[in-house]
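The block underneath contains the structure these notes are about, expressed in structure tokens.
The values are calculated or read from the model by the stated rules, or taken from the named source; none is laboratory data. Because the structure is predicted, anything quoted here is derived from the model rather than measured. As a convention, Cβ positions derive from the backbone with ideal geometry for all residues, glycine included, and neighbour counts pool all protein chains shown.
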């Protein structure tokens with residue numbers, strides 16, 4: 001189990017670095033929030049957050065298109081038998097947290113008026 005956790009963290013760091021170099025988002029930010037490899041190491045769910053949110057569809061398409069390229073680069077950098085097949089997912093945790101913070105801020109402002 002520790003092996004998978006280490007691989008998840010290693011892939012997260014490497015993919016974050018590759019995205020910055022190979023797939024920058026002008027006027028935006030792509031963050032790798034998690035990597036979750038299957039126990040057989042054949043598949044990996046990769047959560048990314050994208051700001052601003054309007055870029056989500058194009059970023060997902062771009063990540064899917066670049067998966068093979070990323071795999072080739074990682075194969076030469078990492079000492080593992082097989083690079084898992086990437087399944088890119090949108091992680092909306094950050095944007096949801098920002099919305100909740102905004103709601104709390106508005107509630108506090110309303111309470112101060114009363």
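In segment 52-67, the condition of being under 17 Å from residue 9 (Cα atoms) and free of Cβ contacts under 8 Å to residues at least 40 places away in the same chain is met by no residue. Every condition in (1) at pLDDT 95 or above; (2) under 15 Å from residue 89 (Cβ atoms); (3) out of contact with any helix residue (DSSP H, G or I) (no Cβ under 8 Å at 6 or more places or on another chain) is met by residue 17 except one, and the failing one is (2).
Only one entry in 94, 110 is modelled with pLDDT under 90 and surrounded by 11 or more Cβ atoms within 10 Å (Cβ to Cβ), namely 94. Taken as a whole, the condition of being at pLDDT below 95 and in contact with a helix residue (DSSP H, G or I) (Cβ under 9 Å, 6 or more places away or on another chain) applies to residue 41.
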